Amino acid sequence: MNDTADPLIAELRDAHKSGFDRLVAQYQTRPVTGPMLKGRSRLVDGILERMWRAFEMPEDLALVAVGGYGRGELYPYSDVDILLLLPREETPDIRSRISGLITALWDIGLEIGQSVRTIDDCLREAAEDITVETNLLEARLLVGDARLFERFAGALRAQLSVPEFFDAKHSEQEQRYARYQDTPYSLEPNCKESPGGLRDIQMLIWISRAAGYQDDWRELLRRGLVTGSEARELREVERFLQHVRIRLHLLAGRREDRLLFDHQEQLARAFDCEPQGGKRASEVFMQSYYINAKKVTQLNTILLLNFAEQFLADQNAPAMVINENFQTIRELLDIRDEGVFSRNPTALLECLLILEQRSELKGLTARTIRSIWQHRNRINAEFRADPANRALFLSLLQQRRGIVATFRRLNQFGLLSRYLPSWNKILCQMQHDLFHVYTVDQHCLVVMRNLRRFTMAEHAHEYPLMSRLILAFDEPWLLYVTALFHDIAKGRGGDHSELGTVDARQFCDEHDLPAEHTELVVWLVRHHLTMSHVAQKQDIGDPAVIEQFAELVGDERRLSALYLLTHADIRGTSPKVWNGWKAKLLEDLFHATRRLLRGATPQQALGADARTEEARRLLRYYGLRPETEKPLWRHLDQLYFLRHTPDEIAWHTRQLYYRDAPEAPIIKARLVESGDAIQVMVYTPDAKDLFMRLCGSIARLGFTILDAKIHTTKHGFALDSFMLQNPEEGPHYRDIIALLEHDLAERLDQEAAVERPPGGRVSRKLRHFPMTPRVDIRQDEAGRRYTLTLSAADRPFLLYDVADVLARSNVSLHSAKIATLGERVEDTFVVSGGSLANTQTVLRIKQELQERLRI
């Protein structure tokens with residue numbers, strides 16, 4: 001390039017900025033997607049052509065736009081994907097020119113994604129990688145040798161196999177869906193990649209282009225692949241998603257395709273959404289997004305079925321008659337004529353039952369899906385009151401296979417909200433509780449899926465105890481009913497667990513369930529949060545807690561049902577909420593309660609004697625002689641042995657048996673069995689501010705405390721255990737154990753108080769959905785100690801702040817139960833202190849805690 005390079009780059013940089021600003025201003029004034037997307041594409045075209053000529057690129061090369069840019073659609077901050085097409089292998093001179101060109105384009109402000117290939121390179125890589133083939137399929141010549149480009153396009157077309165391309169894209173979509181849990185209904189979906197996003201629409205365009213069709217929905221209408229209404233809907237949902245993505249880019253000032261909470265309120269304003277019926281404007285907007293995403297997934301399914309029939313199927317395959325309503329064609333269930341659902345609305349449920357019962361069927365034909373959608377309103381009050389339809393609905397829950405797929409179809413086709421009117425109230429309803437990641441309706445279906453997985457042999461290795469329990473449970477379909485109803489009253493105000501029992505009982509009564517089945521379902525809906533609450537917020541090493549829980553449960557059948565539901569429910573909230581520690585808490589509570597229900601005493605149920613014997617056996621296994629444990633154990637009371645597992649008791653003993661009164665703190669850490677947390681033991685002379693110093697030191701090291709067991713020995717030593725997680729990505733836990741032990745011991749050994757840094761990084765969710773802290777302090781029944789409970793938004797140094805308030809008020813801490821639920825904490829502390837007898841002091845402590853916990 002000649003000496004005019006720098007002025008030209010500056011000129012084009014300014015031209016790009018001013019052109020971009022003009023497009024944005026036009027879009028803000030008159031929001032139309034075409035001028036924005038095609039306008040930016042043309043703007044970049046002009047810059048690339050001028051730079052190509054300025055660099056005096058050889059005439060036998062070609063500059064080609066590929067991907068979305070090749071399609072002529074450039075979103076505000078999308079990459080500019082280009083192909084530099086060569087007639088032969090690149091020479092050092094060509095390589096140098098290309099490098100200079102790409103550097104200059106970046107200097108102008110374009111984010112370039114480039115590839116440099118010959119025609120043979122393109123063909124080889126397209127054959128090996130469906131992503132490359134798809135990008136090249138949208139190639140568009142910008143400047144350079146037109147004949148070279150034509151040879152490339154012709155060779156690519158000659159190599160392309162439409163059936164193979166279709167199969168590869170279909171598999172690619174399945175993998176993409178799996179990355180997003182097969183649902184468009186996450187609370188922060190990706191408008192490009194999530195199911196129901198732009199990628200689903202683009203996939204239809206790619207397949208159409210591979211088949212040689214025009215890039216126009218009317219072309220698919222002319223070929224009979226879609227109906228007129230479907231062609232209009234495709235254009236409408238495509239335009240809606242384009243607007244969403246454009247707005248997201250402009251709001252973020254960069255390439256951003258996730259509908260993060262940070263942007264949802266601003267998007268709502270951009271789409272002129274107003275608060276409605278107690279819902280925020282952002283919730284109204286997101287419901288609109290979910291409705292459009294639902295349409296996209298349905299249209300995508302219909303078109304893929306029609307493409308498959310056209311490209312893959314034997315056009316002369318005979319239909320196999322099943323009954324007067326249905327037949328099978330190429331392993332798909334098909335209606336025998338267009339009037340089936342009009343004549344017999346019961347067939348809307350019957351077709352799904354047939355899918356469950358016939359494992360050879362892979363799904364529904366496109367015309368069957370269309371007809372179901374068109375006749376969904378035939379499910380009305382009369383339909384719901386028909387005993388035959390009620391029996392059929394129960395049958396859908398009682399089959400051996402296909403239940404989750406059936407209920408996803410019922411929800412997708414709009415049948416579930418018509419059969420269960422209360423379901424309509426939770427359809428696409430967002431949850432702002434800081435730990436759910438799905439809408440309420442999708443969460444219920446995920447819980448059902450989790451319960452179903454417990455019954456499947458392929459998942460038995462993941463949930464061995466769950467699998468044994470559900471296989472021994474008679475009528476497991478009652479648990480699936482409970483999954484549908486456990487959160488059905490969310491968003492109505494009041495206790496959704498209690499309100500949901502009304503809907504659950506009505507369903508059971510209308511469907512003539514036996515009284516014992518009805519009572520189980522209603523009881524489970526009412527108490528679906530109870531087991532989680534007891535396990536995570538109460539001291540399950542306390543015999544009284546186990547006794548009270550066992551009294552509530554009443555029998556083993558209810559206990560097993562509640563355990564199965566609780567496990568499935570917690571796992572269905574968010575991948576981040578479930579961990580091995582919570583699994584252990586629930587399992588310990590289950591086993592202790594079951595032993596109590598089988599006639600054991602509370603001490604036997606908790607296994608105090610069994611725990612010490614098992615701990616002794618482990619000590620012998622590790623080579624310690626009999627009686628070695630006595631010097632340490634004589635300082636430990638019964639509560640210690642009730643609150644710690646045999647493995648923990650043995651671990652503590654192995655570290656401390658020869659130094660039961662050390663002068664310096666002893667800090668030991670180990671990886672827990674599940675591998676997702678670190679357990680830390682601290683043994684040191686007790687002190688008033690010890691818990692505060694420990695919490696501050698742990699927080700400064702970047703760890704979150706999942707659980708804390710605080711114990712003071714008879715000779716005045718603190719023997720505390722902490723379960724820690726590192727919320728940030730970093731080295732593997734096993735690699736940082738020694739570092740953690742060293743740093744924590746060093747911090748505790750320092751006499752200076754732990755300094756609390758100002759502020760701390762607060763989760764972005766909490767900025768949009770703040771929580772008001774709640775604090776309660778109550779005296780226990782014995783009148784000797786107090787229970788302090790709090791709920792607040794999680795943040796760094798929260799436990800330090802709590803411990804600091806308690807220490808400065810001369811309040812002693814005896815135990816701590818830490819429960820972190822996503823972005824929220826619900827902690828329980830057992831405390832004592834003479835100052836707590838003074839009502840004014842208690843009020844002051846509560847007020848100070850609320851102030852310190854407020855974000």
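When the chain is fully extended, how far beyond the present Cα-Cα distance does residue 604 get from residue 714, taking 0.36 nm per residue of separation?
Values: separation 110, 0.36 × 110 = 39.60 nm, distance 2.38 nm.
That works out to 37.2 nm of additional length.
Under a 5 Å amide H cut-off, with hydrogens placed 1.01 Å from N, residue 192 pairs with 198 among residues at least 5 apart or on other chains.
Electrostatic tally near residue 557: other residues with Cβ closer than 14 Å to its Cβ, Lys and Arg +1, Asp and Glu -1, net -3. Based on alpha carbons, the Rg and Dmax found for the chain are 32.2, 93 Å. Each residue of the range 458-466 was assigned a 3J(HN,Hα) from its phi angle through the Karplus curve 6.51 cos²θ - 1.76 cosθ + 1.60 (θ = phi - 60°); the sequence is 5, 10, 4, 5, 7, 10, x, 5, 4 Hz, with glycine and proline shown as x. Put simply, the amide H of residue 821, placed in the peptide plane, has neighbours under 5 Å in 826, leaving out anything fewer than 5 places away on its chain. In this structure, the amide hydrogen of residue 256, modeled 1.01 Å from its nitrogen in the peptide plane, lies closer than 5 angstrom to those of 249, counting only residues at least 5 positions away or on a different chain.
Between residue 319 and residue 688, the modelled labels are 8.7 nm apart [label points 7 Å from Cα along Cα→Cβ]. Per residue, the chain exposes 44 Å² of accessible surface when a 1.4 Å probe is rolled over the protein heavy atoms with every protein chain present. The mean sequence distance of close C-alpha pairs (under 8 Å, at least 6 residues apart), as a share of the length of the range 561-615, puts its relative contact order at 22 percent. Most tightly packed first, judged by the mean number of other beta-carbon atoms within 10 Å of their residues, the peptides 249-255, 346-352 read 346-352, 249-255. Just tell me which lysines come within less than 29 Å, Cα to Cα, of residue 169; anything on the same chain fewer than 8 places away is out. Answer for residue 169, where 29 Å is the Cα cut-off: 38, 192, 294, 295, 362, listed by chain and number.
Here the peptides 632-643, 198-209, 674-685, 169-180 are ranked by packing, the mean other Cβ count within 10 Å, and the order with the highest first is 198-209, 674-685, 632-643, 169-180.
Each Cα pair under 8 Å and six or more residues apart adds its separation to the average, and for the range 386-481 the resulting relative contact order is 20 percent. Relative to the Cα centre, the charge distribution of the chain, modelled as +1 at Lys and Arg Cβ and -1 at Asp and Glu Cβ, gives a dipole magnitude of about 1360 debye. The C-alpha atoms of the chain define a longest principal axis, and helix 515-526 lies at about 90 degrees to it. Taking 7 Å steps out from each Cα toward its Cβ at residue 510 and residue 336 produces label points 3.1 nm apart. Net charge near residue 210, counting Lys/Arg +1 and Asp/Glu -1 over other residues with Cβ under 12 Å of its Cβ? So the environment of residue 210 carries a net charge of -2. Taking the 0 to 90 degree range and rounding to the nearest ten, how far is the long axis of helix 580-597 tilted relative to the main principal axis of the chain, both from C-alpha atoms? It is inclined by approximately 50 degrees. Applied to the range 560-574, the Karplus parametrisation 6.51 cos²θ - 1.76 cosθ + 1.60 on θ = phi - 60° returns per-residue 3J(HN,Hα) values of 4, 4, 5, 5, 4, 5, 4, 4, 5, 5, 5, 5, x, 7, 6 Hz, with x for Gly and Pro. Computed from Cα atoms, the angle from the helix 198-210 axis to the main principal axis of the chain rounds to 30 degrees.
Mind ranking 454-462, 288-296, 413-421 by how tightly packed they are, going by the mean number of other C-beta atoms within 10 angstrom, highest first?
On the way: 454-462: 13.2, 288-296: 20.8, 413-421: 19.2.
My ranking of the peptides, most packed first, is 288-296, 413-421, 454-462.
The radius of gyration of the Cα set in the range 672-726, together with its Dmax, comes out at 11.7, 34 angstrom. Electrostatic tally near residue 43: other residues with Cβ closer than 12 Å to its Cβ, Lys and Arg +1, Asp and Glu -1, net +3.
Let me have the 222 nm mean residue ellipticity of the chain computed from DSSP H runs of 4+ only, each contributing -39500 (n - 2.57), with the sum over all residues rounded to the nearest 500. Let's see the in-between values first.
Numbers: 39 runs with 469 residues, N = 855.
So the calculated ellipticity at 222 nm is -17000 deg cm²/dmol.
The HN-Hα couplings worked out from phi for the range 442-448 by the Karplus form 6.51 cos²θ - 1.76 cosθ + 1.60 (θ = phi - 60°) are 5, 4, 4, 6, 5, 4, 4 Hz, whole numbers, x standing for Gly and Pro.
Pop out the carbon and sulfur fraction of the accessible area of the chain as a percent, whole number, probe 1.4 Å. Looking at the chain in its full context, I get 47 percent from C and S. Over the range 554-660, the fraction of Cα-Cα pairs per 10 Å bin, rounded to whole percents and listed from the shortest bin up, is 13, 35, 28, 19, 5. Treating r as the C-beta distance of residue 216 and residue 659 and R0 as 60 Å, the FRET efficiency rounds to 0.15.
Relative contact order, whole percent, for the chain stands at 7, derived from Cα pairs under 8 Å and 6 or more residues apart. Modelled this way, with points 7 Å down the Cα-to-C-beta line, the labels at residue 291 and residue 8 are 5.3 nm from one another. Summary of the geometry: the range 190-261 and the range 584-637, compared by the centres of their Cα atoms, lie 61 Å apart.
The values are calculated or read from the model by the stated rules, or taken from the named source; none is laboratory data. Just so it is clear, the model here is predicted, and its values are computed rather than measured. Please note: Cβ atoms are built from the backbone with ideal geometry, for glycine as well, and neighbour counts cover all protein chains shown. These area figures cover heavy atoms from the full protein model, side chains too; ligands, DNA and RNA do not enter into them. Shrake-Rupley method; radii C 1.70, N 1.55, O 1.52, S 1.80 Å.
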